[in-house]
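Heads up, the thing below is written out as structure tokens.
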Amino acid sequence: MKRKEVNSSRMPVYRDAGFELYDAKTTAEAFKKETEHSREPDIYIYSRYRNPTVVSAEEEIMKLESCEWALLTQSGMSAIDTALSIFQHGKDTRPWLFFTEIYGGTISFIESVLKSRRGLDIQYFTPDNGKYDPDKLEKTISVLRPEFVYIESISNPMLIVADVTELARIAKKHGSKVIIDNTFATPWLYKPLDQGVDIVIHSATKYFSGHGNLTAGVICGNDRKIMQSAIEYRKFVGHMLSPDDAYRLQTQMQSFELRFSRQCSNALKLAEYLNKVPLIKKVWFPGLKSHSTHNIAEKLFSGKGFGAMITFDFVGKNETEKRGRRDKFIKLVSEKIKLIPTLGDPHTILMPVEAVWPTKYPEPGMIRLSVGFEEYAELEGTVGTAIKSL
Ligand code: PLP
């Protein structure tokens with residue numbers, strides 16, 4: 001029986017592993033064109049290569065990022081693998097330069113896979129006093145001439161905002177590409193491709209999906225050659241997103257701007273509130289004047305918001321007292337604010353920083369919050385009541 005067209009207003013979930021190709025001529029044509037473009041060939045071959053439900057979700061992301069192409073993958077990590085691996089050309093590969101303040105999973109991937117297994121020449125660039133120095137960066141890039149520079153728009157958990165316009169200008173001058181993980185800022189705050197960045201990555205598990213119920217990743221860009229390499233790599237290693245997850249992602253993305261704008265405004269109010277609490281030693285949030293990259297955040301995000309992540313640290317005369325306050329706070333808020341190791345969920349969730357980064361950020365009182373889109377008064381009430389009981 002042939003599939004019947006029905007009057008649905010949505011892209012259905014196409015679960016076909018392989019699609020019907022009818023005859024040898026159509027088959028040859030389809031195989032010839034399959035890496036030409038992520039959307040254009042209208043004949044599908046095999047869902048690991050391309051799938052109509054996935055393409056439909058990709059089109060939604062292209063609208064958000066205002067870009068020429070977007071390629072969905074099974075997770076943020078598979079998007080990162082795709083974006084990086086297409087710059088590996090055997091013995092001719094120049095160094096890859098990574099900023100140090102990036103997601104811990106990316107650092108583990110760099111160390112365990114890129115360095116230890118693939119033997120790549122990996123270099124790091126470290127911030128000074130919570131900020132990246134452009135002159136030092138220019139010196140590093142001019143000596144190393146890296147294949148690309150890799151950065152996150154807002155780092156985790158210190159929330160350092162990178163001056164991407166300046167960084168892209170320096171990298172271009174020395175013939176390096178720029179890859180940015182824009183998961184924390186999202187295209188609602190700003191679009192790095194407009195600033196000369198070559199590839200934008202998202203863990204779509206986070207704000208795009210926004211409900212903590214699927215994992216996905218995406219890489220976006222405008223350069224056709226990069227797109228073709230990425231289509232090929234995603235196909236060869238099998239990083240393609242499943243049609244079921246693509247369908248759910250596309251549905252959930254319809255409320256992305258509504259959710260994220262509210263998360264950003266809740267985070268700003270909560271950061272200002274926490275900043276006045278005497279039991280809190282320090283609050284890291286790019287919207288606060290005290291943050292090392294507040295001016296960059298204001299410039300880059302045009303006053304729209306500052307993201308929805310906050311890190312703060314409890315006071316204490318010694319480590320035991322700090323840990324005690326941290327643990328009591330986690331317990332007191334646990335009905336409403338759960339300890340869940342992700343971000344971008346509907347409700348506010350938290351992570352104890354020391355437990356995840358024991359050597360990099362060893363302050364024992366530190367907590368990272370991913371602020372949700374619940375009603376603000378309720379959120380401040382939960383946090384405030386807990387703090388009063390510490
Ligand atoms: N990039 C950032 C900034 C992240 O925080 C994460 C995960 O937390 C990832 C990438 C990896 O994404 P995923 O867990 O979807 O593979």
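At-a-glance table
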quantity: Qualifying position, being modelled with pLDDT of 95 or more and open to solvent by 10 Å² or more (accessible area, probe 1.4 Å), among Q263, Q195, Q252; calculated: Q252
quantity: For I387: the one exception among (1) over 29 Å from R259 (Cα atoms); (2) part of a helix (DSSP H, G or I); (3) in contact (Cβ under 8 Å) with a residue 24 or more places away in the chain; calculated: (1)
quantity: Verdict on R94 being in a loop (DSSP other than H, G, I, E, B) and surrounded by 13 or more Cβ atoms within 10 Å (Cβ to Cβ); calculated: yes
quantity: Single residue of region 146-161 satisfying the filter (in contact with a Pro (Cβ under 9 Å, 6 or more places away or on another chain) and closer than 22 Å to S290 by Cα) that is surrounded by the most Cβ atoms within 10 Å (Cβ to Cβ); calculated: V161
quantity: Residues within region 353-371 that are away from the ligand (no atom under 16 Å from the Cβ) and within 14 Å of M309 (Cα to Cα), tallied; calculated: 2
quantity: Residue ID - most open to solvent (accessible area, probe 1.4 Å), chosen from residues in region 340-352 that are assigned to a loop (DSSP other than H, G, I, E, B) and away from the ligand (no atom under 11 Å from the Cβ); calculated: H347
quantity: Qualifying positions in region 206-237 - open to solvent by less than 20 Å² (accessible area, probe 1.4 Å) and either within 16 Å of the ligand (Cβ to nearest atom) or modelled with pLDDT under 95 (or both); calculated: Y207, F208, S209, G210, L214, A216, G217, V218, I219, C220, R234
quantity: Region 44-91: number of residues that are buried (at least 21 other Cβ atoms within 10 Å of the Cβ), assigned to a strand (DSSP E or B) and either more than 16 Å from the ligand (Cβ to nearest atom) or among the aromatic types (F, W, Y) (or both); calculated: 1
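The values are calculated or read from the model by the stated rules, or taken from the named source; none is laboratory data. Remember, predicted model here, so these are calculated numbers, not experimental data. All Cβ positions, glycine included, derive from the backbone under ideal geometry; neighbour counts span all protein chains shown. Calculation scope for accessible area: heavy atoms of the full protein, side chains included, ligands and nucleic acids excluded. Shrake-Rupley method; radii C 1.70, N 1.55, O 1.52, S 1.80 Å.
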